[in-house]
There are 2 protein chains.
Amino acid sequence: MKVIGLMSGTSADGIGVALVDIHGKTQISLLAFKTYPFSTELKKMILLASSHEKLAVDEICRLNFLLGEEFSKATLRLCKEAKVSLKDIALIGSHGQTIKHLPPKSTKPIQFGSTLQIGEPSLISERTGITTIADFRPRDMAAGGHGAPLAPYLHYHLFHSLGYGVAVQNIGGISNLTFIPKNGKLNQVIAFDTGPGNMLIDAIVFELTHKKSSYDDEGRWAARGKVNKRLLGRLMQHPFLKRKPPKSTGREEFGIFFAHQLMRENKNMKKEDLIATITAFTAHSIAESYGRFIMPKFSLKEIIVGGGGVKNKTLFSMVQRLLPSIQLKRFEDFSLNSDAIEAMAFALLAHETMKNVPSNIPNVTGARHAVLLGKIIPGNNFKKLLLSFKS
Amino acid sequence: MKVIGLMSGTSADGIGVALVDIHGKTQISLLAFKTYPFSTELKKMILLASSHEKLAVDEICRLNFLLGEEFSKATLRLCKEAKVSLKDIALIGSHGQTIKHLPPKSTKPIQFGSTLQIGEPSLISERTGITTIADFRPRDMAAGGHGAPLAPYLHYHLFHSLGYGVAVQNIGGISNLTFIPKNGKLNQVIAFDTGPGNMLIDAIVFELTHKKSSYDDEGRWAARGKVNKRLLGRLMQHPFLKRKPPKSTGREEFGIFFAHQLMRENKNMKKEDLIATITAFTAHSIAESYGRFIMPKFSLKEIIVGGGGVKNKTLFSMVQRLLPSIQLKRFEDFSLNSDAIEAMAFALLAHETMKNVPSNIPNVTGARHAVLLGKIIPGNNFKKLLLSFKS
């Protein structure tokens, strides 16, 4: 069964479209993947809507429909480029664009969580004729969960049959891990944020290059510098690293404010040394997460690294040196495309919901129980789909 | 099959909950109905979110979840009060709360429509365990329609078997009609806004009583006044009345600004005469809609009047006098509850979508074709539901 997954991340760079084949007992393989960038104008609108700025509700209302059209166009383009007929696609899973995510807080007064993903899926269903499942996070939050992370469900299905303890380490803006114990069941999966990913490095490079460069290409800059042990030691005292999982973090803790503070406090340090130190902090915070929370209890043979951070060779080899007993691999070593993973996840989640299989992992999201995720927007193939899934 | 319909109108007074039984070839009967008012605080938040004020997106995000909880609570309360077990309810159809509706405009530059209903349905599905279908308007708009009106689909199923030409006249803030020709098919239904409903009368009473009264109780004030023929004649020149259907109007044309202008221009008129004249304008604009667009082409025997305007006896008898050949009835004459009609409509629309039956009327909404409306949020009974509908 062919399913399409659609994803746009919080950086609002564009829409990732993954065409996958799902067969047998949740075997999933990638047939095609492409990212279609947003126009500068649209990216600006999305980032504004995601900010703390006040906005006319008209703008949110229009942006939801505008993004729905963009998701539809991206889907149609991928199918054309991959030479796949829309008729051969059973289902679309669309994550949409997160413009607000407010996880529940157990502090007093208790704050219930809420989340807002936009990109009107009725338009996707209408333009493609394909039944679309969208908006996966609210249902987990309705069941008391954080509505995130959801990708561990895919990680489990990709790697649990390897027969040994394995982890997926995603290095995006923030880093997070998914650990699958040897012969582990779905509800034994552990997943949490490990700390900063590219976020801190990118923010500091951006400032140090006077906004000319927004990342450390292949980690070359970090490679030229020397790690400042004293600063690294101080950074490793960050309280987030000691908190027990499940836990999650974001821009509030490791974003632009933290980066600016670091730069002010270390303005006499050589630029390459500062970048090397921040890169080391990122690597150490990842490695320590395994050392502290995984390796004392479980056997771990391989870590499969994905996300933009894979391209930072200095960061990658720092992590490898810190975890000498574990083999670091890439998604590409399993014939997968690291960039496609998130979009693939939402294709799989759509498939599961249509099959009446719950796909949040309560252990991971904090939900009280497993639930069917998403909202189904029937396409022209709805009846056919119901019949095929029923059997 | 028992289905619940949930509706909250733009005045944000509260949630109407209708429990209906749908059987045979779309026979629908009302088992229970109740309106649960919003707290003053929540009503204020909704009206703010519906206004032109700028808002933090956090507020919308939270309000969506907060309203989802309110819709859930209202559902649970009705079931308790009606002594119906949740297990006996197959489906919930929730309209949600419209906070923005921007219909498409064919003027240049062409503006695509968009709409925003909130009241997170994942919460309804989670709290009740019942599969919920929500957010009915976007799909019709995706197909090029106005996403409204949707209630004519219910009107048709309630009254098409009467065997003669019949209309439903709803007098809410705005007035609208649904006409079902004798032996007419669904796609022969005509529906459009006829002009002001209670909106103008209410606004003027509110000002004239220095905000002490918000409506003309039973039309008593209007009954004491004399209609000013000159002013009535001038009002009946309003361009909206001449526009050919399908057409829709709203606060922009017949709201507070229009009311204030009328009061300024007629400040020397006796209060009861002004109210009598505005009531006559409302009655004439309704009657003329039939005279101009329905009666020249179709036979029409009865008009079934609903909405808050039914309670204005002066208005009701004015309409009756203007249409002497037609019998005016009330929903109550058919053992129906006028207040429940909108909520019943969304119960029926949910049922149709689950049965794979399109329920927008392209003739009425302007959509390019008929579509399945809404988004399905699977409950605990999802599989059972699929099996029962499949057969």
Inset, instruction - Count, please, the residues in the stretch A:89-106 that happen to be within 13 Å of chain B (Cβ to nearest Cβ) and not in a strand (DSSP E or B). - result: 2
Inset, instruction - Hey, can you tell me all the residues within the stretch A:338-387 that are basic (Lys, Arg) and at pLDDT 95 or above? - result: A:368, A:375
Inset, instruction - Could you tell me whether the stretch B:338-360 includes any residue that is small (Gly, Ala, Ser), out of contact with any Gly (no Cβ under 8 Å at 6 or more places or on another chain) and either at the interface with chain A (Cβ under 10 Å from one of its Cβ atoms) or surrounded by fewer than 24 Cβ atoms within 10 Å (Cβ to Cβ) (or both)? - result: no
Legend entry - Single condition residue A:7 does not satisfy, out of (1) crowded, with 19+ Cβ neighbours inside 10 Å; (2) in a helix (DSSP H, G or I); (3) under 19 Å from the mean Cα position of the chain (by Cα): (2)
Legend entry - Count of the stretch B:288-310 residues which are crowded, with 22+ Cβ neighbours inside 10 Å and part of a helix (DSSP H, G or I): 3
Inset, instruction - For residues that are surrounded by fewer than 17 Cβ atoms within 10 Å (Cβ to Cβ) and modelled with pLDDT under 95, scanning just the stretch B:13-28, find the one that is nearest to residue A:57 (Cα to Cα). - result: B:13
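How many residues does the stretch A:29-57 hold that are among the hydrophobic types (A, V, I, L, M, F, W, C) and assigned to a helix (DSSP H, G or I)?
Result for the stretch A:29-57: 7.
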Legend entry - Residues being within 19 Å of the chain's Cα centre (by Cα), in a loop (DSSP other than H, G, I, E, B) and not β-branched (Val, Ile, Thr) - total across the stretch A:349-366: 3
Inset, instruction - Output the residues belonging to the stretch A:307-330 that are within 26 Å of residue A:2 (Cα to Cα) and modelled with pLDDT of 95 or more. - result: A:330
Inset, instruction - State which residue is farthest from the other protein chains (Cβ to nearest Cβ) when the search covers only the stretch B:75-85 and only residues that are in contact (Cβ under 8 Å) with a residue 40 or more places away in the chain and part of a loop (DSSP other than H, G, I, E, B). - result: B:82
Inset, instruction - Determine which member of the set A:388, A:289, A:299, A:359 is of a type in the set (Gly, Ala, Ser), farther than 30 Å from residue A:143 by Cα and touching a residue at least 60 places away in the same chain (Cβ under 8 Å). - result: A:299
Legend entry - Number of the exception - residue A:379 against (1) in contact with a Pro (Cβ under 9 Å, 6 or more places away or on another chain); (2) within 9 Å of chain B (Cβ to nearest Cβ); (3) not in a helix (DSSP H, G or I): (1)
Legend entry - Residue satisfying condition, being in contact (Cβ under 8 Å) with a residue 12 or more places away in the chain and within 20 Å of the chain's Cα centre (by Cα), within set B:98, B:132, B:128: B:98
Inset, instruction - For residue B:70, state whether it is among the acidic types (Asp, Glu) and either surrounded by fewer than 17 Cβ atoms within 10 Å (Cβ to Cβ) or under 20 Å from residue B:138 (Cα atoms) (or both). - result: no
Inset, instruction - Hey, could you check the stretch A:21-74 for residues that are among the hydroxyl-bearing types (Ser, Thr, Tyr) and within 30 Å of residue A:333 (Cβ to Cβ) and say which is nearest to the other protein chains (Cβ to nearest Cβ)? - result: A:26
Legend entry - Any hit, the stretch A:342-353, residues being of a type in the set (Gly, Ala, Ser) and on the phi > 0 side of the Ramachandran plot: no
Inset, instruction - Could you please give the count of residues in the stretch B:251-267 that are of a type outside the set (Gly, Ala, Ser), surrounded by 13 or more Cβ atoms within 10 Å (Cβ to Cβ) and assigned to a helix (DSSP H, G or I)? - result: 8
Legend entry - Failed item in (1) part of a loop (DSSP other than H, G, I, E, B); (2) touching an Asp or Glu at 6+ places or on another chain (Cβ under 8 Å), with residue A:68 passing the rest: (1)
Legend entry - Single unsatisfied condition, residue A:375 versus (1) crowded, with 24+ Cβ neighbours inside 10 Å; (2) in contact with a Phe, Trp or Tyr (Cβ under 8 Å, 6 or more places away or on another chain): (2)
Legend entry - Members of the stretch A:118-164 found to be among the hydroxyl-bearing types (Ser, Thr, Tyr) and either under 14 Å from residue A:373 (Cα atoms) or more than 9 Å from every other protein chain (Cβ to nearest Cβ) (or both), listed by number: A:128, A:131, A:132, A:153, A:156, A:161, A:164
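The values are calculated or read from the model by the stated rules, or taken from the named source; none is laboratory data. Please read these numbers as outputs of a predicted model, since none were measured by experiment. Glycine also receives a Cβ, built like all others from the backbone with ideal geometry; neighbour counts cover every protein chain displayed.
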